[in-house]
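Here is the structure we will look at, set down as structure tokens.
The values are calculated or read from the model by the stated rules, or taken from the named source; none is laboratory data. Bear in mind that the values here come from a model prediction, so they are computed numbers and not experimental data. For neighbour counting, all protein chains shown are included, and Cβ atoms are generated from backbone atoms with ideal geometry for every residue, glycine included. Please note that ligands, DNA and RNA were not included when accessible areas were found on the heavy atoms of the full protein model with its side chains. Shrake-Rupley method; radii C 1.70, N 1.55, O 1.52, S 1.80 Å.
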Amino acid sequence: MLNLHKEHKNLVLLALSGFVVLSFVIAVMPAYEMQDYQPLPTMQKMSTEVKNGLHIYINEGCVACHTQQVRSIEMDKVWGDRPSIPSDYYYSKKRLGLWKQSHSLLGSERTGPDLTNVGKRQPGLQWHLLHLYNPRIVVKESVMPPYPWLFDEIPENQVKENDVVVAIGKDFYDRDGWKIVAKTEALQLASYLQSLKQADMPGASPDFIPAKKIPSPATSDTVAQNLPDGKTLYAQTCAACHQNNGKGIPGAFPPLAGSAVVNDENPELLVQIILKGYDARSEYGQMPAFGEQLTDKEIAAIANHERTSWGNNAPELSEDDVKKIRAYTEAIE
């Protein structure tokens, strides 16, 4: 029997053996196993710009507050189409080199929203640039710090053709004759955030663990049309830019309250804008297309919410109306 009180050599050997075994079990074996993961067939390989944005994401400490992991619980369903799997981290978790370990991208806490699927939730470049310059512009309750050093303030007559000007309203920037232009670092970081989209997984996706949920209130018209709750969909998809009160952000995103497009008796233009996006750079930031992200039912529900809220009073539309407009829009392209 070992006498560790007197045989110090055995004590050191035993401690060393325990250290080596634990190192293999906790560090070496999991790291080795991760090298065998393969990307999903629909995953897009990271471009050079996206990789540079990843390094900026790490350097700016975004992982301290934002996670990139959807857990298999109902409360996480808002962040992604499905729970995360190891293949989701294939490109970002590959070893950087023989002596360099991969970055940690899972994050440490959900002080800010999970970013696993932020590229689908917020596909617009202008939104990300506004959010980086001053998060309070787009989310009044945000506790995220601003990142003004990622932008340049230059005279309007010195703005070049290829410069990306951030559409900031006068409430947040009222210096006449000057513009806020995104630096390369800001554009790369925004590109990385836009690239964060869950790839479609072959076969059936894992289900979320069910949990008790308070049903969202629905109008009788919505129930009659068998449409989802437009108010909830609007909050998840549109409110970040157009705001929950429908007033938008002056100089950045147009108001929907009192909008002639929203209140038009013919909903064709409104639905086409939701489907294909809209570019009004002379006055507002560019709106991304949501045709691939939203179903006809969801678009109808969102449009109905916009057409009957904030003092708007326009006729509601049905799923079939959206389906016809989608088919017509695709036919004329």
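Some notes on this structure:
- Flag if Ala327 is at pLDDT 90 or above, outside any loop (DSSP other than H, G, I, E, B) and among the hydrophobic types (A, V, I, L, M, F, W, C): no
- For the criterion of being closer than 21 Å to Met201 by Cα, part of a helix (DSSP H, G or I) and either at pLDDT 90 or above or open to solvent by less than 50 Å² (accessible area, probe 1.4 Å) (or both), Ser87 passes.
- Assessment of region 4-25 against the conditions (under 24 Å from the mean Cα position of the chain (by Cα), surrounded by 11 or more Cβ atoms within 10 Å (Cβ to Cβ) and hydroxyl-bearing (Ser, Thr, Tyr)) yields no matching residue.
- Being over 30 Å from Tyr133 (Cβ atoms) and at pLDDT below 90 holds for only one residue in Gln38, Gln44, and it is Gln38.
- Test: Ile214 is more than 20 Å from the chain's Cα centre (by Cα) and modelled with pLDDT of 85 or more: no
- In summary, Leu105 fulfils each of the numbered conditions (1) in a loop (DSSP other than H, G, I, E, B); (2) open to solvent by 30 Å² or more (accessible area, probe 1.4 Å) with the single exception of condition (2).
- Identity of the residue in region 145-170, within 23 Å of Asp279 (Cβ to Cβ) and in contact (Cβ under 8 Å) with a residue 40 or more places away in the chain, that ends up surrounded by the fewest Cβ atoms within 10 Å (Cβ to Cβ): Lys170
- Pair list, Cβ under 6 Å, 6 or more apart: region 118-142 residue closer than 24 Å to Arg82 by Cα, other residue at pLDDT 90 or above and open to solvent by 10 Å² or more (accessible area, probe 1.4 Å): Val118/Leu193; Val118/Leu196; Gly119/Gln194; Gly119/Ser195; Gly119/Leu196; Gly119/Lys197; Lys120/Lys197; His128/Leu193
- Listed here are the helices (runs of 4 or more DSSP H) enclosed by region 1-82 that have at least 1 residues being under 30 Å from Gln188 (Cα atoms): 29-34, 48-59.
- Residue satisfying condition, being polar (S, T, N, Q) and open to solvent by 30 Å² or more (accessible area, probe 1.4 Å), within set Ser72, Ser142: Ser72
- Restricting Ala240, Ala224 to those that are at pLDDT below 90, open to solvent by 70 Å² or more (accessible area, probe 1.4 Å) and among the aliphatic types (A, V, I, L, M) reduces the list to Ala224.
- The set of residues from region 309-327 being in contact (Cβ under 8 Å) with a residue 40 or more places away in the chain and out of contact with any Lys or Arg (no Cβ under 9 Å at 6 or more places or on another chain) comprises Gly311, Asn312, Ser318, Asp321, Ile325, Arg326.
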